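Read the structure below first, then the notes.
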Amino acid sequence: MTNRVTVVGAGLAGSEAAWQLASRGIPVLLLDMKPGKTSPAHTHAGFAELVCSNSLKAMELTNASGLLKEEMRRLNSLVLRAAEATRVPAGGALAVDREAFSEYVTRSLKEHALVQFEERLVSEIPEAPAILATGPLTDPALTQALTDLPGMKALHFFDAAAPIVTAESIDMEKVFRASRYDRGADYLNCPMSEEEYNSFYDALISAELAPVHAFEKKLVFEGCLAVEILAARGRQTLAFGPLKPVGLIDPRTGKEPWAVVQLRQENAQGTLYNLVGFQTRLKWGEQKRVFSMIPGLENAEFARYGVMHRNTYLNSPDVLGKNFAWKDNPLIRFAGQLTGVEGYMESAASGIVAAIGLARALRGLEEPDFTAQTVLGALERHVRTRCADFQPMNANFGILDKLDARVKGKRNRYLKLSERALETLEQVIDRYELRD
């Protein structure tokens, strides 16, 4: 193989794509603007930096996120391998130490004999073969180059990152450690009485927001709403959403609190905690004032405040074909949130699909069809399916093909979908000889 593939972007999707190509004997030139230049949301120099949260969601096969991870594992995912090597306690979820995770991915790629890395800001579409995985914060110059292409249109939405507090500043006398339904004790829980909840709610909905351009205010992804936007939908919205107390018993009272704010461990050392579900665009001073009303966080030290930033994704159904190929030149692929998949693992998964498809195309071989019976294939189908209002999508069972027969019970149905997905994936792996 003499064709070297240029991969633009060393985030989760680009890192995974580079790994999949190199693992199949294809030389890779991996380009990224870091560490010389960073986006407004990035701070670290390494690859695969996690910005919004250190959680990669559920692991169980009764959850579509868990099924996606198992599918990725069977395709030798570097991102999943790095996550499992750097995980921190998070109940049934897979959460990681951000810096250790990034270091693992960076080291793995830089030590690979077929991967060459160059720090470079890319402002034009590279020559084929290439994979563009520049992420939801693609540099404006490259975004403009994309939108100038025939039939291409860039869309925008906003994403939000939750604040992080130091462990030593949490009042441990007011919080309790537990996971829902006695599934371990991985979370710190800040219990609220009805009075405390109402006071917090009133302060939250009246707090001052960071400025956003008027034409951008409605461009918010429903799957990752800022906590203040969710709260504005009704006084009890948070109590039935991210602050729901169901399955959490305060050992001091033996009862469920009125509401609970959960804190998730952010790093391996246990020195930082993330406010679960508290993505926000409140001004930083307002975050300190309002979030300090949460029991146990009265004297919290904020290691990072929540931020709001613009995300960019393509009008993919008009421009992308099978396996994230650009319709005008199938030897150029796209991957990651730029395509309209939403989420860390979903982005990495799209890198797998794009890289495998391109690798086989370069060898003149038939490209695999993962089918919409797998999460990998269902996500790929989503981004190339025309609809009235194309929006980003994360892993969920609703995007998979329905079962042929009715299965009683949600859990049983999800398990059946997972079993079918993994059986289908094994058939695809065997048919297209995708094992390394």
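The values are calculated or read from the model by the stated rules, or taken from the named source; none is laboratory data. Everything numeric in this text was worked out from a predicted model, so none of it was measured. With ideal geometry, Cβ positions are generated from the backbone for all residues, glycine too; neighbour counts draw on all protein chains shown. Ligands, DNA and RNA are stripped out before the accessible areas are found, and what is left, the full protein with its side chains, is counted by its heavy atoms. Shrake-Rupley method; radii C 1.70, N 1.55, O 1.52, S 1.80 Å.
Looking only at region 323-339, which residues are in contact with a strand residue (DSSP E or B) (Cβ under 8 Å, 6 or more places away or on another chain) and over 15 Å from Leu12 (Cβ atoms)?
Those that are in contact with a strand residue (DSSP E or B) (Cβ under 8 Å, 6 or more places away or on another chain) and over 15 Å from Leu12 (Cβ atoms): Asn323, Ala325, Trp326, Lys327, Leu331, Ile332, Arg333.
State the number of residues belonging to region 153-198 that are of a type in the set (Asp, Glu) and crowded, with 17+ Cβ neighbours inside 10 Å.
Going through region 153-198 one residue at a time, the tally reaches 3.
Inside region 91-181, counting only strands (runs of 3 or more DSSP E) that do not spill past its ends, which hold 1 or more residues that are among the β-branched types (Val, Ile, Thr) and over 30 Å from Glu256 (Cα atoms)?
Filter on region 91-181 gives 115-119, 130-132.
Show the residue pairs that are 6+ apart or on different chains and have beta-carbon atoms under 8 Å apart, the first residue being within region 289-318 and without any contact (Cβ under 8 Å) to a residue 60 or more places away in the chain, the second being open to solvent by less than 50 Å² (accessible area, probe 1.4 Å) and aliphatic (A, V, I, L, M).
The qualifying pairs are Ser292/Ala300.
I need the full set of residues from region 58-93 which are in contact with a strand residue (DSSP E or B) (Cβ under 6 Å, 6 or more places away or on another chain) and among the charged types (D, E, K, R), in order please.
Within region 58-93, Arg87 is the sole residue that qualifies.
Please identify the pairs in which a residue from region 40-54 that is at pLDDT below 90 and open to solvent by 10 Å² or more (accessible area, probe 1.4 Å) has its Cβ atom under 7 Å from the Cβ atom of a residue that is among the charged types (D, E, K, R) and assigned to a loop (DSSP other than H, G, I, E, B), counting only partners at least 6 apart or on another chain.
His42/Lys34; His42/Glu49; Ala45/Lys34
Only one residue in Glu301, Glu266 is open to solvent by less than 30 Å² (accessible area, probe 1.4 Å), among the acidic types (Asp, Glu) and touching a helix residue (DSSP H, G or I) at 6+ places or on another chain (Cβ under 8 Å). Which one?
Glu266
Any residue that is under 25 Å from Glu124 (Cβ atoms) and part of a strand (DSSP E or B) - is there at least one of those in region 43-65?
no
If you take the residues of region 394-436 that are among the aliphatic types (A, V, I, L, M) and under 24 Å from the mean Cα position of the chain (by Cα), which of them is nearest to Ala58 (Cα to Cα)?
That would be Ala395.
If a residue must be open to solvent by less than 30 Å² (accessible area, probe 1.4 Å) and part of a loop (DSSP other than H, G, I, E, B), how many such residues does region 73-90 contain?
4
Out of region 188-217, which residues are in a strand (DSSP E or B) and at pLDDT 95 or above?
Leu188, Asn189, Cys190, Pro191, Met192
With the condition kept exactly as written, say whether any residue in region 239-262 is closer than 20 Å to Ala303 by Cβ and modelled with pLDDT under 90.
Looking through region 239-262, none of the residues is closer than 20 Å to Ala303 by Cβ and modelled with pLDDT under 90.
Assuming Ala388 fulfils every condition listed in (1) open to solvent by less than 70 Å² (accessible area, probe 1.4 Å); (2) within 23 Å of Tyr313 (Cβ to Cβ); (3) without any contact (Cβ under 8 Å) to a residue 24 or more places away in the chain apart from one, which condition is it?
It is condition (1) that Ala388 fails.
Here is a check on your reading of the model: is Gln279 in a loop (DSSP other than H, G, I, E, B) and buried (at least 22 other Cβ atoms within 10 Å of the Cβ)?
Spelling it out, Gln279 is indeed in a loop (DSSP other than H, G, I, E, B) and buried (at least 22 other Cβ atoms within 10 Å of the Cβ).
Quick one: Val115 ticks every box in (1) open to solvent by 30 Å² or more (accessible area, probe 1.4 Å); (2) modelled with pLDDT of 95 or more bar one, so which box is it?
Val115 satisfies all of (1) open to solvent by 30 Å² or more (accessible area, probe 1.4 Å); (2) modelled with pLDDT of 95 or more except (1).
Residues in region 140-180 that are closer than 26 Å to Phe47 by Cβ, in contact with a Leu (Cβ under 9 Å, 6 or more places away or on another chain) and at pLDDT 85 or above: how many?
6
For the subset of region 5-35 comprising residues that are touching a strand residue (DSSP E or B) at 6+ places or on another chain (Cβ under 8 Å) and of a type in the set (D, E, K, R), which member is modelled with the lowest pLDDT?
Checking each candidate, the answer is Lys34.
Exactly one condition in (1) assigned to a helix (DSSP H, G or I); (2) modelled with pLDDT under 95 is false for Glu70; which is it?
Unmet for Glu70, out of (1) assigned to a helix (DSSP H, G or I); (2) modelled with pLDDT under 95: (2).
Here is a list: Ser102, Ser123. Which entry is touching a residue at least 24 places away in the same chain (Cβ under 8 Å) and among the small types (Gly, Ala, Ser)?
Ser102
Residue by residue through region 331-343, note down the ones that are at pLDDT below 95 and closer than 15 Å to Ala48 by Cβ.
Across region 331-343, the qualifying residues are Gln337, Gly343.
Just checking, which of Pro129, Pro150, Pro136 is of a type outside the set (Lys, Arg) and buried (at least 23 other Cβ atoms within 10 Å of the Cβ)?
Pro136
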